[in-house]
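Worksheet for the structure shown next.
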There are 2 protein chains.
Amino acid sequence: MARGPSFATQLLKGTTPLLVLSVIGEGELYGYEIAQRVREQSGGAFAPSEGSLYPALHRLEADGALAATWRDSDRGPRRRYYRLTDRGRGLLAESRAEWSAFVRTVDRVAVPGR
Amino acid sequence: MARGPSFATQLLKGTTPLLVLSVIGEGELYGYEIAQRVREQSGGAFAPSEGSLYPALHRLEADGALAATWRDSDRGPRRRYYRLTDRGRGLLAESRAEWSAFVRTVDRVAVPGR
DNA sequence: TCGACTACAGCACAGTACGAGGTAGTTCCC
DNA sequence: GGGAACTACCTCGTACTGTGCTGTAGTCGA
């Protein structure tokens, strides 16, 4: 029957930068912690894997939206802390606006009675 | 600066089946017409390219969500008309529910004050 | 005859999510 | 001291999907 990935899995594509920027907007965080925040705040619905989280962080850093610094931990391996740059704050605002517009448009086509 | 595709382009990934099922739910349509409907109803925001529309239709047909028949046109090439099957109607309802849940969850993480 | 539009299809390419694997430090318990 | 479990980062191969381009083919108007 040509079973593919679930609909929800496909929807997830593209929202990672928005989610990541959003949680980092709350304060300086390191990678592992970002994944936990997203998982908690989404009620367990979103659990970004390491294979998608770390590349996304690197892309955002390369784009100048995030700045990062290594710091030792008193318990466990060292951590790479990320914070929003001015550019990142701008990108977050833009991304939120684009997300809202996107939702309105999909609803207009796909959800009856709107 | 590692410029990639726009945020909105990435978001689009995964919504195609929902949009396609939705417009076909309004009545039997052929491929080219489906693209036009989506474009019109989205106010021009979404314009599915042929390279993504036709594969999506074929996938949905292979999944048993759509049934199709060839018919001659009185003007121009023949057309392949698609209609929802019972399975397709079920999938449309499911997809709408998943979409709504997905939006609520993203909003919870990414949109402040909700 | 030529261009524009309709209508379908296939291909190479690009971007992203995931799973699996690797490295390395700490903690706890037997 | 040995092993499991957890923290924490990273990279690789794979799968899926959207796009642009090309191809085929019919109709229509200048």
| note | (1) over 17 Å from B:TYR30 (Cβ atoms); (2) among the aromatic types (Phe, Trp, Tyr); (3) more than 8 Å from every other protein chain (Cβ to nearest Cβ) all hold for B:TRP99 apart from (3)
| query | Before we move on, is A:ARG104 touching a Phe, Trp or Tyr at 6+ places or on another chain (Cβ under 9 Å), basic (Lys, Arg) and either within 11 Å of another protein chain (Cβ to nearest Cβ) or in contact (Cβ under 8 Å) with a residue 24 or more places away in the chain (or both)? | reply | no
| message | Tell me the residue from A:ARG87, A:ARG59 that is closer than 23 Å to A:GLN10 by Cα and basic (Lys, Arg), please. | response | A:ARG59
| note | The lone condition A:GLU61 fails out of (1) modelled with pLDDT under 95; (2) within 15 Å of DNA strand C (Cβ to nearest atom) is (1)
| field | Some residue of region A:37-46 being free of Cβ contacts under 8 Å to residues at least 24 places away in the same chain, facing chain B (nearest Cβ under 10 Å) and of a type in the set (Phe, Trp, Tyr) | value | no
| Are any of the residues in region B:67-74 modelled with pLDDT of 95 or more, assigned to a helix (DSSP H, G or I) and either more than 11 Å from every other protein chain (Cβ to nearest Cβ) or under 11 Å from the mean Cα position of the chain (by Cα) (or both)? | no
| field | Some residue of region B:45-54 being closer than 26 Å to B:THR9 by Cα and either in contact with a Cys (Cβ under 7 Å, 6 or more places away or on another chain) or more than 10 Å from DNA strand D (Cβ to nearest atom) (or both) | value | yes
| task | Quick one: in region B:75-114, of everything that is under 14 Å from the mean Cα position of the chain (by Cα) and buried (at least 18 other Cβ atoms within 10 Å of the Cβ), which residue is nearest to A:PRO112 (Cα to Cα)? | result | B:ARG96
| Cβ pairs under 8 Å, 6+ apart, first in region B:1-18 and closer than 14 Å to A:SER95 by Cβ and within 9 Å of DNA strand D (Cβ to nearest atom), second at pLDDT 85 or above and assigned to a loop (DSSP other than H, G, I, E, B) | B:THR9/A:GLY14; B:GLN10/A:LYS13; B:GLN10/A:GLY14
| request: Answer yes if at least one residue in region B:68-88 is without any contact (Cβ under 8 Å) to a residue 60 or more places away in the chain, within 12 Å of DNA strand D (Cβ to nearest atom) and closer than 17 Å to A:SER6 by Cα, and no otherwise. | output: no
| said: Can you report the number of residues in region B:20-33 which are out of contact with any Ser or Thr (no Cβ under 8 Å at 6 or more places or on another chain), within 11 Å of chain A (Cβ to nearest Cβ) and touching a residue at least 24 places away in the same chain (Cβ under 8 Å)? | reply: 3
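The values are calculated or read from the model by the stated rules, or taken from the named source; none is laboratory data. This structure is a prediction, so every number in the text was calculated from the model and none was measured. No Cβ is skipped: glycine too gets one built from the backbone with ideal geometry, and neighbour counts run over all protein chains shown.
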